Structure formats: C-alpha cells, structure tokens
1. Of all residues being out of contact with any strand residue (DSSP E or B) (no Cβ under 6 Å at 6 or more places or on another chain) and not in a helix (DSSP H, G or I) in the range 106-127, which is farthest from residue 140 (Cα to Cα)? Just the residue, please.
2. Kindly list the number of the only condition in (1) outside the structural domain of residue 9 (by TED's automatic domain parsing); (2) under 28 Å from residue 6 (Cα atoms); (3) in contact with a helix residue (DSSP H, G or I) (Cβ under 7 Å, 6 or more places away or on another chain); (4) surrounded by 18 or more Cβ atoms within 10 Å (Cβ to Cβ) that fails for residue 91.
3. Checking the structure you have, find out if any residue of the range 48-66 is part of a helix (DSSP H, G or I) and either touching a strand residue (DSSP E or B) at 6+ places or on another chain (Cβ under 8 Å) or in contact (Cβ under 8 Å) with a residue 40 or more places away in the chain (or both).
4. Any residue in the range 106-117 that is without any contact (Cβ under 8 Å) to a residue 24 or more places away in the chain, over 22 Å from residue 11 (Cα atoms), surrounded by fewer than 19 Cβ atoms within 10 Å (Cβ to Cβ) and not assigned by TED's automatic domain parsing to the domain that holds residue 46?
5. Somewhere in the range 131-139, is a residue free of Cβ contacts under 8 Å to residues at least 12 places away in the same chain, within 15 Å of residue 156 (Cβ to Cβ) and surrounded by fewer than 19 Cβ atoms within 10 Å (Cβ to Cβ)?
6. For the range 15-47, give me each residue that is in a loop (DSSP other than H, G, I, E, B) and within 20 Å of residue 77 (Cα to Cα).
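The values are calculated or read from the model by the stated rules, or taken from the named source; none is laboratory data. Keep in mind that what you see is a predicted model, and the values were worked out from it rather than measured. In this analysis, Cβ positions are derived from the backbone assuming ideal geometry, glycine residues included, and neighbour counts consider all displayed protein chains.
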C-alpha cells in the first residue's frame, strides 16, 4: 500500500510544481484530506456496493467547486481503479512532500488539556527556532498524559509527560533505586 500511495503522492507533487502553484495545491489537498477524515466519507469510499459512478458523483458534489481539475481527476482515477484505500495515505504523503519542499513541518503535539493561544505560539516559536523550519502545530488532547507534552515532529518523538516520568520512576523503584 505504501508504494502505490508514494507513487500517487510523487505524481501529485510533481504536478503541483509543474503548475507553479504549490501553495494553492497544498491548500486544496488539505481540504480534501480533512474532508475525507469523516467516518461517513470513509464508509462511502470503501463500501463495496457503491459504484465507481456514485463515488465520482460524490467527489464532484463535494469538491468540484473547491479544487482544480487535476485533483478532481485524481479522485476520479482512484474511484475508477477501486483504490480508495490508498487515497488518505497518498494525500498525507503529498502534504508532507509539499511542506518539506516549502521548509515547513507539522508537529503533532499531545497535551492533557487545551492550551492557550499564547502557549501554542510559544511552543511554535521554540520549535521553529530549534528546527530552523516553519512549524505548524497540530494539537491533540490526550488526558492520559496527565501533564506535559509529547511531540512528534520531523521524525522525532519527544516525551516530557508526567505519565512517562511516573513510568520511569516506577522502573527506577523496582530496580532498587539505582543500588
């Protein structure tokens, strides 16, 4: 699955560069990607009794006014070839390719509760400075972390959560407090 998704992503990325509107293309790909995350959309895409024609109609109604013909054609191709399972991974990969091309990355940040705008801005500024890239923050709420963040960014995983500290302390105590 990864290989075909990567091929689709590369073709879309090359098309975006060829058209000279990488940022506009990115916005449109993100619109499709975000829209298709919906559980109802996923059921429509993978349902075995919904025909290719019906899926094409779905794509037309949902996206024709919002995306260029190249992206719409890609959606039609996916429906015609019954490769809907590759759609989300391919869109995710093209987003990553374009962001890398633009020296941008998205940091997935998990916290126990919502953060204020100023806290998000401070984290964004710190990550931009440390990574020397433009960083977007994708904040997810995960009460199990108890406190502190864990962050996935640019191939790295940083865990500064209370949950991890408690686990580390438990291991330390079981091992005899370092004795």
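1. 116
2. If we test residue 91 against (1) outside the structural domain of residue 9 (by TED's automatic domain parsing); (2) under 28 Å from residue 6 (Cα atoms); (3) in contact with a helix residue (DSSP H, G or I) (Cβ under 7 Å, 6 or more places away or on another chain); (4) surrounded by 18 or more Cβ atoms within 10 Å (Cβ to Cβ), just (1) comes out false.
3. No: the range 48-66 contains no residue that is part of a helix (DSSP H, G or I) and either touching a strand residue (DSSP E or B) at 6+ places or on another chain (Cβ under 8 Å) or in contact (Cβ under 8 Å) with a residue 40 or more places away in the chain (or both).
4. For the range 106-117, residues without any contact (Cβ under 8 Å) to a residue 24 or more places away in the chain, over 22 Å from residue 11 (Cα atoms), surrounded by fewer than 19 Cβ atoms within 10 Å (Cβ to Cβ) and not assigned by TED's automatic domain parsing to the domain that holds residue 46: present.
5. Yes, because at least one residue in the range 131-139 is free of Cβ contacts under 8 Å to residues at least 12 places away in the same chain, within 15 Å of residue 156 (Cβ to Cβ) and surrounded by fewer than 19 Cβ atoms within 10 Å (Cβ to Cβ).
6. Filtering the range 15-47 down to residues in a loop (DSSP other than H, G, I, E, B) leaves 20-21, 37-38, 47.
Of everything in the range 15-47, those that are in a loop (DSSP other than H, G, I, E, B) and within 20 Å of residue 77 (Cα to Cα) turn out to be 37, 47.
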